[in-house]
Amino acid sequence: MTSNIPLIVRLLASSVSVANRAGKIVRDVMSKGELGIVEKGKDDYQTEADRSAQRCIVASLAAQYPKVNIIGEEDGPDNEGDIASDWLISEADKEVLSLECPAGLRSVKEEEIVVWVDPLDGTSEYTQGALMLKRDPWERWKMYLTHPFISIKWYLSLLQSNYGFLEHVTVLIGISVNEKPVAGVIHQPYYKTILGGEKIIGRTIWGLQEAGVGGFTPAPPPDSLIITTTRSHSNPLVEKALQVMNAAQVLRVGGAGYKVLQLLEGKASIYVFASSGCKKWDTCAPEAVLSAAGGKLTDILGEFYKYGGTESRPNKTGVLAAVSKDLHSYALNRIPQELKEALSKK
Ligand SMILES: Nc1ncnc2c1ncn2[C@@H]1O[C@H](COP(=O)(O)O)[C@@H](O)[C@H]1OP(=O)(O)O
Ligand SMILES: [Mg+2]
């Protein structure tokens, strides 16, 4: 019986299982080859995978936790209605169910929880990945010509990247209590590994405040300073913030979830994004997992974002995250005051 298990632990365990299913939906849409790309705003796109994965996650969690406030990136009338029964997931991850719940979260009620869902973080990388799955060069070129937002420079870089950037795609479910992210799931639908001679695709990383993290092998930060940042949403402010870091290397990758995974796995030590563009659903789960692992995620001014249900969605003042509090302070101290002011005024 799971009824004795505290709500937060059950909700996290359900989120792990539903994120796995959503990841399969993301892969299935890609395999069918009809992405159904819709432009939501400038540099902001949605595909059939975003819509379907969101419906699976929101319907499955709402059915089990009806009083929890669930906010998804793709909320709206086009994304409501009946859903396929095999998208309604009621399983809960057994490893997570056995976690010790932190004392401060044992009596949290559904009404006190806000869940932030990004069904597909790294949409640019997903749609560009579709191109690379076309093995016939002529078919690929035709798809490129109808693709709404890939420059010729990106197309050439994609051709050199084998399967494109599908590993950057993640499904994010962040759980917040009293405006603070306390637990989260980062699912990577295209992560490939071999276990006991068998090819496995997809993995799910989770974190719970004071209880720890799972689903991956944590690694210490690299010896030299490696920064991770956006590959698809740069601008002069983003570049200025990168220059002042004095980094040995800058990695340009897609998605907030993937960048935080790079921090957790010792591929980079700081994530810098001095621009608006990210929203609460991009950072809630990554912040929860990173802080459960001892790291810190704030805006570029060093302030924590708040995740209450009435908070505005955009993270206007950017993202600054690091594997440790010391590295976070290092990065924060290097951001010039003019840059902080420029971002605050936006
Ligand atoms: N200018 C922007 N417009 C729309 N979404 C943005 C923008 N900047 C960042 N994002 C969202 O934040 C994530 C991390 O940004 P980046 O990849 O540039 O580092 C993106 O994957 C995207 O989420 P999504 O793909 O879910 O729409
Ligand atoms: Mg996103």
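Exactly one residue out of GLU111, GLU125, GLU100, GLU91 is open to solvent by 20 Å² or more (accessible area, probe 1.4 Å), outside any loop (DSSP other than H, G, I, E, B) and among the charged types (D, E, K, R), and it is GLU111.
Among the residues of the stretch 203-212, those identified as surrounded by fewer than 19 Cβ atoms within 10 Å (Cβ to Cβ) and either at pLDDT below 95 or over 29 Å from TYR45 (Cα atoms) (or both) are GLU210, GLY212.
Confirm whether PRO218 is more than 16 Å from ligand 2 (Cβ to nearest atom), open to solvent by less than 60 Å² (accessible area, probe 1.4 Å), part of a loop (DSSP other than H, G, I, E, B) and touching a residue at least 12 places away in the same chain (Cβ under 8 Å). Give the steps one after another, and end with the answer.
Working: more than 16 Å from ligand 2 (Cβ to nearest atom): yes; open to solvent by less than 60 Å² (accessible area, probe 1.4 Å): no; part of a loop (DSSP other than H, G, I, E, B): yes; touching a residue at least 12 places away in the same chain (Cβ under 8 Å): yes.
It is false that PRO218 is more than 16 Å from ligand 2 (Cβ to nearest atom), open to solvent by less than 60 Å² (accessible area, probe 1.4 Å), part of a loop (DSSP other than H, G, I, E, B) and touching a residue at least 12 places away in the same chain (Cβ under 8 Å).
Residue count for the stretch 221-237 satisfying the condition of being within 16 Å of ligand 1 (Cβ to nearest atom) and touching a residue at least 60 places away in the same chain (Cβ under 8 Å): 4.
One residue alone among ILE70, ILE57 is touching a residue at least 40 places away in the same chain (Cβ under 8 Å) and part of a strand (DSSP E or B), and that residue is ILE70. Scanning the stretch 38-50 for residues that are more than 12 Å from ligand 1 (Cβ to nearest atom) and touching a Pro at 6+ places or on another chain (Cβ under 8 Å) yields a total of 0. Residues that are open to solvent by less than 20 Å² (accessible area, probe 1.4 Å), touching a residue at least 60 places away in the same chain (Cβ under 8 Å) and not in a loop (DSSP other than H, G, I, E, B) within the stretch 275-328 comprise LYS280, ASP282, THR283, CYS284, ALA285, PRO286, GLU287, ALA288, VAL289, LEU290, VAL319, ALA321, listed in sequence order.
Quick one: would you say GLU341 is acidic (Asp, Glu), farther than 18 Å from PRO181 by Cα and surrounded by fewer than 21 Cβ atoms within 10 Å (Cβ to Cβ)? So GLU341 fits the description; yes. On the basis of being touching an Asp or Glu at 6+ places or on another chain (Cβ under 8 Å) and modelled with pLDDT under 95, does GLY36 make the cut? Judged against the criteria, GLY36 is a match.
Scan the stretch 235-261 residue by residue and report those that are within 16 Å of ligand 2 (Cβ to nearest atom) and not charged (D, E, K, R). Those that are within 16 Å of ligand 2 (Cβ to nearest atom) and not charged (D, E, K, R): VAL253, GLY254, GLY255, ALA256, GLY257, TYR258, VAL260, LEU261.
Set side by side, the residues VAL260, VAL250, VAL272, VAL238 differ, and just one is closer than 14 Å to LEU320 by Cα, part of a strand (DSSP E or B) and among the aliphatic types (A, V, I, L, M), which is VAL272. For SER232, the criteria (1) at pLDDT 95 or above; (2) open to solvent by 20 Å² or more (accessible area, probe 1.4 Å); (3) under 20 Å from GLU167 (Cα atoms); (4) assigned to a loop (DSSP other than H, G, I, E, B) hold in every case but one, which is (1).
Scanning the stretch 292-324 for residues that are under 17 Å from GLY266 (Cβ atoms) and either in contact with a His (Cβ under 6 Å, 6 or more places away or on another chain) or away from ligand 2 (no atom under 16 Å from the Cβ) (or both) returns ALA292, ALA293, GLY294, GLY295, LYS296, ALA322, VAL323, SER324.
Answer yes or no as to whether ALA288 is of a type in the set (A, V, I, L, M) and touching an Asp or Glu at 6+ places or on another chain (Cβ under 7 Å). Spelling it out, it is not the case that ALA288 is of a type in the set (A, V, I, L, M) and touching an Asp or Glu at 6+ places or on another chain (Cβ under 7 Å). Any idea which residue in the stretch 195-215 is nearest to VAL289 (Cα to Cα), counting only those that are in a loop (DSSP other than H, G, I, E, B) and not hydrophobic (A, V, I, L, M, F, W, C)? The selected residue is GLN209.
The values are calculated or read from the model by the stated rules, or taken from the named source; none is laboratory data. Everything numeric in this text was worked out from a predicted model, so none of it was measured. Cβ: placed from backbone, ideal geometry, glycine included. Neighbour counts: every protein chain shown. Areas reflect the complete protein model, heavy atoms only, side chains present, ligands, DNA and RNA absent. Shrake-Rupley method; radii C 1.70, N 1.55, O 1.52, S 1.80 Å.
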